[in-house]
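Heads up: the structure comes next, in structure tokens.
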Amino acid sequence: MKILDAKYANWNRDDAFKVMQDYLMRFKHIDAVWAADDDMMIGVLKAIDQAKRTDIKQVFGGAGSKEAVKRIMDGDKLVQADLSYSPKFIYDAIKLTAEARLKGE
């Protein structure tokens, strides 16, 4: 595997769209993209679609969003799998949410 580049896209689909546009201009062939998050994946997919690139065979996001899961279930050719975050990475959010729910918030 050869990693062509890695840039930060602020967990934002618009920023990921811009980063992917740059990659599409710089690299004549890309096999796959790991977008790290489902929101960024949507921006990546939009850039690929607008550029009408057919060399890219896989795009991975992360988080298991409804949109990503639906794409997989619908047979999207680029989105064939999604990654989920380990609960240890979101422990604080889970804890705060559970505490708030117990308080009726």
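Report, ordered by the first and then the second residue, all pairs with beta carbons closer than 6 Å, sequence separation of six or more or different chains, a first member in region 81-93 that is free of Cβ contacts under 8 Å to residues at least 40 places away in the same chain and at negative phi, and a second member that is part of a helix (DSSP H, G or I) and surrounded by 10 or more Cβ atoms within 10 Å (Cβ to Cβ).
Between residues of region 81-93 that are free of Cβ contacts under 8 Å to residues at least 40 places away in the same chain and at negative phi and residues that are part of a helix (DSSP H, G or I) and surrounded by 10 or more Cβ atoms within 10 Å (Cβ to Cβ), there is no close pair.
Would you confirm, using the coordinates I've provided, whether residue 55 is at pLDDT 95 or above and either small (Gly, Ala, Ser) or under 16 Å from residue 5 (Cβ atoms) (or both)?
So residue 55 fits the description; yes.
Pairs please, first residue from region 47-64 and under 16 Å from residue 25 (Cβ atoms), second anywhere and surrounded by fewer than 20 Cβ atoms within 10 Å (Cβ to Cβ) and basic (Lys, Arg), Cβ atoms under 9 Å, 6+ apart in sequence or on different chains.
Close Cβ pairs (under 9 Å, with a partner that is surrounded by fewer than 20 Cβ atoms within 10 Å (Cβ to Cβ) and basic (Lys, Arg)) amount to 47/18; 47/53; 55/28.
Condition test on residue 48, is it among the β-branched types (Val, Ile, Thr) and more than 17 Å from the chain's Cα centre (by Cα)?
It is false that residue 48 is among the β-branched types (Val, Ile, Thr) and more than 17 Å from the chain's Cα centre (by Cα).
Of all the helices (runs of 4 or more DSSP H) wholly in region 1-88, which have at least 1 residues that are among the acidic types (Asp, Glu) and in contact with a Lys or Arg (Cβ under 7 Å, 6 or more places away or on another chain)?
Passing ranges, in order: 38-51.
Across region 12-37, which residue is surrounded by the fewest Cβ atoms within 10 Å (Cβ to Cβ) among those that are closer than 15 Å to residue 61 by Cβ and of a type in the set (A, V, I, L, M)?
Result: 32.
The values are calculated or read from the model by the stated rules, or taken from the named source; none is laboratory data. Just so it is clear, the structure is predicted and the values come from calculations on it, not from any experiment. Cβ coordinates were reconstructed from backbone atoms using ideal geometry, including for glycine residues, and neighbour counts include every protein chain displayed.
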